[in-house]
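Since the structure comes first, as C-alpha coordinates, the remarks are kept for the end.
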Amino acid sequence: MKIGSKILIVEDEDLHRLIIRKKLEDKGYAVIEASDGKAGLEILRTSHVDLAIVDLEMPIMNGMEFTKWVKEINPEFPVVIITGHATNFSPKEIINVNVDAFMHKPIDLDELIKTIERL
(Lines give C-alpha, C1' and ligand atoms only; values in the text may rest on other atoms or scores of the structure.)
Protein backbone atom coordinates (compact mmCIF):
# COMPACT_ATOMS: atom_id res chain seq x y z
CA MET A 1 0.00 0.00 0.00
CA LYS A 2 1.45 3.33 -0.98
CA ILE A 3 1.59 6.47 1.13
CA GLY A 4 -1.65 8.42 0.89
CA SER A 5 -3.80 5.29 0.65
CA LYS A 6 -7.03 5.36 2.64
CA ILE A 7 -7.16 2.84 5.49
CA LEU A 8 -10.23 1.86 7.48
CA ILE A 9 -9.67 0.93 11.12
CA VAL A 10 -12.53 -1.19 12.51
CA GLU A 11 -11.90 -1.49 16.25
CA ASP A 12 -14.30 -1.27 19.19
CA GLU A 13 -11.70 0.05 21.67
CA ASP A 14 -11.23 3.81 21.32
CA LEU A 15 -7.66 3.81 22.61
CA HIS A 16 -6.54 1.14 20.14
CA ARG A 17 -8.13 3.05 17.25
CA LEU A 18 -6.43 6.25 18.38
CA ILE A 19 -2.97 4.68 18.65
CA ILE A 20 -3.22 2.96 15.26
CA ARG A 21 -4.70 6.05 13.59
CA LYS A 22 -1.92 8.29 14.92
CA LYS A 23 0.82 5.96 13.64
CA LEU A 24 -0.82 5.62 10.21
CA GLU A 25 -1.38 9.35 9.84
CA ASP A 26 2.23 10.03 10.90
CA LYS A 27 3.31 7.73 8.05
CA GLY A 28 1.16 9.62 5.53
CA TYR A 29 -1.93 7.42 5.29
CA ALA A 30 -5.50 8.74 5.29
CA VAL A 31 -7.59 7.07 7.99
CA ILE A 32 -11.29 6.42 8.52
CA GLU A 33 -12.56 4.78 11.70
CA ALA A 34 -15.48 2.55 12.70
CA SER A 35 -16.26 1.09 16.12
CA ASP A 36 -17.82 -2.14 14.83
CA GLY A 37 -18.03 -4.26 11.70
CA LYS A 38 -21.49 -3.08 10.71
CA ALA A 39 -20.37 0.57 10.74
CA GLY A 40 -17.22 -0.47 8.85
CA LEU A 41 -19.28 -2.09 6.09
CA GLU A 42 -21.36 1.05 5.76
CA ILE A 43 -18.18 3.08 5.28
CA LEU A 44 -17.02 0.64 2.59
CA ARG A 45 -20.36 1.05 0.81
CA THR A 46 -20.09 4.85 0.73
CA SER A 47 -16.35 5.62 0.57
CA HIS A 48 -13.31 4.51 -1.36
CA VAL A 49 -11.00 2.58 0.98
CA ASP A 50 -7.77 0.80 0.04
CA LEU A 51 -7.29 -1.51 3.06
CA ALA A 52 -9.01 -2.43 6.34
CA ILE A 53 -7.48 -3.18 9.73
CA VAL A 54 -10.13 -5.09 11.67
CA ASP A 55 -10.35 -6.26 15.28
CA LEU A 56 -11.41 -9.89 15.48
CA GLU A 57 -13.66 -9.67 18.53
CA MET A 58 -16.18 -6.81 18.52
CA PRO A 59 -19.84 -6.36 19.39
CA ILE A 60 -22.56 -6.11 16.71
CA MET A 61 -20.40 -7.65 13.93
CA ASN A 62 -17.06 -9.30 14.62
CA GLY A 63 -13.99 -9.22 12.38
CA MET A 64 -14.70 -12.63 10.86
CA GLU A 65 -18.20 -11.62 9.77
CA PHE A 66 -16.89 -8.31 8.43
CA THR A 67 -14.14 -10.02 6.45
CA LYS A 68 -16.53 -12.62 4.98
CA TRP A 69 -18.83 -9.85 3.72
CA VAL A 70 -15.96 -7.82 2.28
CA LYS A 71 -14.29 -10.77 0.57
CA GLU A 72 -17.59 -11.90 -1.00
CA ILE A 73 -17.93 -8.48 -2.60
CA ASN A 74 -14.25 -8.03 -3.48
CA PRO A 75 -11.92 -11.01 -2.87
CA GLU A 76 -8.87 -8.86 -3.63
CA PHE A 77 -9.60 -6.21 -0.97
CA PRO A 78 -6.81 -6.39 1.65
CA VAL A 79 -7.84 -7.08 5.24
CA VAL A 80 -5.53 -7.21 8.26
CA ILE A 81 -7.10 -8.82 11.32
CA ILE A 82 -5.84 -7.87 14.77
CA THR A 83 -6.76 -9.50 18.06
CA GLY A 84 -5.85 -9.67 21.72
CA HIS A 85 -7.21 -13.20 21.87
CA ALA A 86 -8.67 -15.48 19.27
CA THR A 87 -10.24 -18.04 21.56
CA ASN A 88 -13.56 -18.11 19.69
CA PHE A 89 -11.95 -18.76 16.30
CA SER A 90 -9.60 -21.43 15.03
CA PRO A 91 -6.62 -20.54 12.79
CA LYS A 92 -8.32 -22.55 10.03
CA GLU A 93 -11.46 -20.38 10.26
CA ILE A 94 -9.36 -17.23 10.03
CA ILE A 95 -7.42 -18.51 7.01
CA ASN A 96 -10.65 -19.62 5.31
CA VAL A 97 -11.97 -16.06 5.15
CA ASN A 98 -8.95 -15.13 3.01
CA VAL A 99 -7.35 -12.71 5.50
CA ASP A 100 -4.25 -11.00 4.10
CA ALA A 101 -2.47 -10.65 7.46
CA PHE A 102 -3.10 -11.52 11.11
CA MET A 103 -1.50 -9.75 14.08
CA HIS A 104 -1.75 -10.21 17.84
CA LYS A 105 -2.24 -7.34 20.28
CA PRO A 106 -0.41 -5.51 21.58
CA ILE A 107 0.29 -4.48 18.00
CA ASP A 108 3.88 -3.79 17.02
CA LEU A 109 3.14 -0.59 15.10
CA ASP A 110 6.32 -0.75 13.04
CA GLU A 111 5.43 -4.31 12.01
CA LEU A 112 1.91 -3.14 11.13
CA ILE A 113 3.37 -0.45 8.86
CA LYS A 114 5.64 -3.03 7.17
CA THR A 115 2.62 -5.29 6.65
CA ILE A 116 0.59 -2.46 5.13
CA GLU A 117 3.46 -1.47 2.84
CA ARG A 118 3.74 -5.09 1.67
CA LEU A 119 0.04 -5.20 0.77
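Across the chain, the convex hull enclosing all Cα atoms gives 89 Å³ per residue. Taking Leu51, Leu18, Leu41 in turn, the Gaussian network model of the chain (Cα-Cα springs below 10 Å) assigns the largest fluctuation to Leu18.
Average accessible surface for the chain: 54 Å² per residue, computed with a 1.4 Å probe over protein heavy atoms with every protein chain in place.
Within the same chain, lysines fewer than 8 places from Lys2 are excluded, and of the rest, those with a Cα less than 20 Å from its Cα are Lys22, Lys23, Lys27, Lys114.
What dipole magnitude, in Debye to the nearest 20, does the stretch 10-100 give about its Cα centre under +1 on Lys/Arg Cβ and -1 on Asp/Glu Cβ? Walk me through the numbers before you get to the answer.
Values: 10 positive and 17 negative charges, 33 e Å.
It works out to roughly 160 debye.
Rounded to the nearest 500, the 222 nm mean residue ellipticity of the chain from helices alone is -12500 deg cm²/dmol, with -39,500 (n - 2.57) taken per DSSP H run of at least 4 residues. Amide hydrogen proximity for Ile82: with H placed 1.01 Å from N in the peptide plane, the residues at 5 or more positions away or on another chain lying under 5 Å are Val54, Asp55, Leu56, Met103.
The values are calculated or read from the model by the stated rules, or taken from the named source; none is laboratory data. Everything numeric in this text was worked out from a predicted model, so none of it was measured. Note that we place each Cβ from the backbone using ideal geometry, even for glycine, and neighbour counts take in every protein chain shown. Heavy atoms of the whole protein, side chains included, go into the accessibility calculation; ligands, DNA and RNA do not. Shrake-Rupley method; radii C 1.70, N 1.55, O 1.52, S 1.80 Å.
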